[in-house]
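Colleague: I have a structure I would like to understand better, so I am pasting it below and will then ask my questions one at a time.
The values are calculated or read from the model by the stated rules, or taken from the named source; none is laboratory data. Here the structure is a predicted model, which means the values were calculated and not measured. A quick note on method: Cβ atoms are made from the backbone with ideal geometry, for glycine too, and the neighbour counts reach across all protein chains shown.
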Amino acid sequence: MAAKHKYSVLLPTYNERENLPIIVWLLVKYFSEGNIDYEIIIIDDGSPDGTLEVAKQLQKIYGEKRIVLRPREKKLGLGTAYIHGVKHATGDFVLIMDADMSHHPKFIPQFIEKQLEGDYDVVTGTRYAGDGGVHGWDFKRKLISRGANYIVQVLLRPGVSDSTGSFRLYRKEVLEKLVNSCRSKGYVFQIELIIQARHMGYSVGELPISFVDRVYGESKLGGHEIIEWMKGILYLFATT
Amino acid sequence: MYTYILQIPKLFQWLIGVSLFLSIWLAVLLEYVKLDIVDRNKFTILLLPLYLIIAFGCYSVAVIGYRVATFNNCDEAADELKQQIKEARADLSTKGLKFKDS
């Protein structure tokens, strides 16, 4: 399958020492099984827990061709991590996912298949449609997620069922153009990418995925994040 | 045409829609337009914006409630992942990777 294409996985990390080896192992497993050409670009933002040391060990195990390290000095945000990573990507397609194992690499062959099927510029994972879903969420978390998603659907009409999902496959040149035209941060950055993709006339496909909540580490959703999210949504409401 | 409308920020799309509705509503209410049906239903028309807001609110609550209730729980996916984490740790340990807690 897909012998002509090469897929670059961008893995932005911050304190993912426990998760990184597992996610890399799974990525290698599914890429090898599918006979797919790939590279994994690890963008560590100066994690104090030694994520970069673990990444270097992984590079020794799997080789410099497969594991590419592009660390940065300090935490600089997701958007710039993508710009930084895509600059170094040698594949013609770029996969973006979280390194905390909430996104399972087993879906990657399905992303690739979906992309080929519709010749899409972007394929985005959705927790909200088809067989998609979540694990480890209580009623309150589900309500917040569905409520926030509904507000986004009504105000911004992004045209996809899961606009905050960050498990996506992009054509490399499309991602390059999109990241350079987006100014938001965090969750809202993902929404802006999808809205811009539609404004620029790119085709977007959706793939149902399961989302298994962080096995190690804590969730990053707090009061401050909610305020930032609302500001971000209003900004997009007024500008896109 | 559609892509052109898409380029207008959502805020202005909403402002255009709301002001269009309000101008028609006011025109009818203040009898700039004479319609039989209006005279008989004056009170209903007066409260129309309120009714619409309530209806939209009910619709939203129903949609969100339905979506929360039908949100899939991927328990098998979590079990599979747990199993694979064990496999990965065992395999990586034999390849010389050191885990903090092992």
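Colleague: Report yes if A:S161 is among the hydroxyl-bearing types (S, T, Y) and surrounded by 21 or more Cβ atoms within 10 Å (Cβ to Cβ), otherwise no.
Modeller: Working: among the hydroxyl-bearing types (S, T, Y): yes; surrounded by 21 or more Cβ atoms within 10 Å (Cβ to Cβ): no.
Criteria not met by A:S161.
Colleague: Residue by residue through segment A:58-75, note down the ones that are out of contact with any helix residue (DSSP H, G or I) (no Cβ under 8 Å at 6 or more places or on another chain) and touching a residue at least 24 places away in the same chain (Cβ under 8 Å). Don't jump to the end; show me each part of the working.
Modeller: Quick first cut of segment A:58-75, residues out of contact with any helix residue (DSSP H, G or I) (no Cβ under 8 Å at 6 or more places or on another chain) only: A:59-60, A:63-65, A:73-75.
Passing the criteria: A:K65, A:E73, A:K74, A:K75.
Colleague: Looking at segment A:18-48, which of the residues that are surrounded by fewer than 21 Cβ atoms within 10 Å (Cβ to Cβ), at pLDDT below 95 and within 22 Å of A:H84 (Cα to Cα) is farthest from the other protein chains (Cβ to nearest Cβ)?
Modeller: Filtering segment A:18-48 for residues that are surrounded by fewer than 21 Cβ atoms within 10 Å (Cβ to Cβ), at pLDDT below 95 and within 22 Å of A:H84 (Cα to Cα), the one farthest from the other protein chains (Cβ to nearest Cβ) comes out as A:G46.
Colleague: Assess whether B:A77 counts as being out of contact with any Asp or Glu (no Cβ under 8 Å at 6 or more places or on another chain), at the interface with chain A (Cβ under 10 Å from one of its Cβ atoms) and within 30 Å of A:Y202 (Cβ to Cβ).
Modeller: Values: out of contact with any Asp or Glu (no Cβ under 8 Å at 6 or more places or on another chain): yes; at the interface with chain A (Cβ under 10 Å from one of its Cβ atoms): yes; within 30 Å of A:Y202 (Cβ to Cβ): yes.
It is true that B:A77 is out of contact with any Asp or Glu (no Cβ under 8 Å at 6 or more places or on another chain), at the interface with chain A (Cβ under 10 Å from one of its Cβ atoms) and within 30 Å of A:Y202 (Cβ to Cβ).
Colleague: Return yes or no: is B:A88 more than 8 Å from chain A (Cβ to nearest Cβ) and either touching a residue at least 24 places away in the same chain (Cβ under 8 Å) or under 27 Å from A:F211 (Cα atoms) (or both)?
Modeller: Working: more than 8 Å from chain A (Cβ to nearest Cβ): no; either touching a residue at least 24 places away in the same chain (Cβ under 8 Å) or under 27 Å from A:F211 (Cα atoms) (or both): yes.
When the stated conditions are applied, B:A88 does not pass them.
Colleague: Now, a different point. Would you mind listing the helices (runs of 4 or more DSSP H) fully within chain B where at least 2 residues are among the charged types (D, E, K, R)?
Modeller: B:36-40, B:75-94
Colleague: Now a separate question. Name, by its number, the condition in (1) among the hydrophobic types (A, V, I, L, M, F, W, C); (2) within 30 Å of A:I209 (Cα to Cα); (3) more than 7 Å from chain A (Cβ to nearest Cβ) that does not hold for B:V38.
Modeller: The number of the failed condition is (2).
Colleague: Select the helices (runs of 4 or more DSSP H) contained entirely in segment A:1-89, then report the ones holding at least 2 residues which are within 22 Å of A:K172 (Cα to Cα). Full working, then the answer.
Modeller: On the way: elements: A:19-33, A:51-62, A:78-88.
In segment A:1-89, A:19-33, A:78-88 are the helices (runs of 4 or more DSSP H) which contain 2 or more residues that are within 22 Å of A:K172 (Cα to Cα).
Colleague: Please state which of the following conditions A:V188 fails to meet, knowing it meets all the rest: (1) modelled with pLDDT under 95; (2) closer than 30 Å to B:D75 by Cβ; (3) aliphatic (A, V, I, L, M).
Modeller: (2)
Colleague: Also, I was wondering about something else. List the strands (runs of 3 or more DSSP E) that sit entirely inside segment A:92-196 and contain at least 3 residues that are at negative phi and of a type in the set (A, V, I, L, M, F, W, C). Break it down into steps so the answer makes sense when it comes.
Modeller: Numbers: elements: A:93-96, A:122-126, A:133-135, A:168-171.
Answer list for segment A:92-196: A:93-96.
Results for (1) among the basic types (K, R); (2) surrounded by 15 or more Cβ atoms within 10 Å (Cβ to Cβ); (3) modelled with pLDDT under 95, shown as yes or no for each residue.
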| site | (1), (2), (3) |
| --- | --- |
| A:G79 | no, yes, yes |
| A:P109 | no, yes, no |
| A:D121 | no, yes, no |
| A:D131 | no, no, yes |
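Colleague: If you scan segment A:184-210, which residues turn out to be more than 21 Å from A:K114 (Cα to Cα) and in contact (Cβ under 8 Å) with a residue 60 or more places away in the chain?
Modeller: Once the filter is applied, which keeps residues that are more than 21 Å from A:K114 (Cα to Cα) and in contact (Cβ under 8 Å) with a residue 60 or more places away in the chain, segment A:184-210 yields A:S184, A:K185, A:G186, A:F189.
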